[in-house]
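Derivation of every value follows stated rules applied to the coordinates shown; laboratory data play no part. No experiment lies behind these values; they were computed from the predicted model shown. Quick reminder, even Gly has a Cβ in these numbers, built from the backbone with ideal geometry, and neighbours come from all protein chains shown.
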Amino acid sequence: MGRRRDVRRGVEHLLRVLGEDVDVIVSSLEAQRVRGTPKDPADCALARYLNAAIGGDPAVSLVRVWKYSVHVHLTSRYRRPLVVPLSDGLVQFIVAFDSDCLPRLVAHYDDRGPGRECESWQIGAAAVVPCARAGRQVALALDRVSTVLSTDPR
């Protein structure tokens, strides 16, 4: 039980250190040269950051970042993954990253070509995340989290 608690506290600390604002999170990850693959829970920028920090721990076998939580799979065979919820700022970051609006954090972005343009959409009156591509804005509806969770496995 104590090891799970230690891993949870470590993940919570690492997430707090990144910051609460999308711009701060992007700056933190860029400063550490973290890159990832959008829409890949085990290889996104945040998962790579966490893997670099706690992946060497023998108790940790896999880290996956979903839209609203981090799942840390421990080496114990009969344990469910440790689930750490993400703050609103980190959820906004995940949505922007998975929408391909943060090309500076995408691994091998230059090889992928221009990709699709970020679209502006509005689901409700919620926080607005600056999109790195063409200065557009991506509106995020945090007030509809439960609806999205029921239809989106990520």
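Segment K39..A107, full-extension length gain: 23.3 nm, with 0.36 nm per residue of separation and the alpha-carbon distance subtracted.
Other residues whose C-beta falls under 13 angstrom from the C-beta of H13 contribute a net charge of +2, scoring Lys and Arg +1 and Asp and Glu -1.
In plain terms, the chain from E20 to S76 could stretch by 17.0 nm, reckoned as 0.36 nm per residue minus the Cα-Cα distance. What is the distance, in nm, between label points placed 7 Å from the Cα along the Cα-to-Cβ direction at A52 and at R8? Once both label points are built, they end up 2.7 nm from each other.
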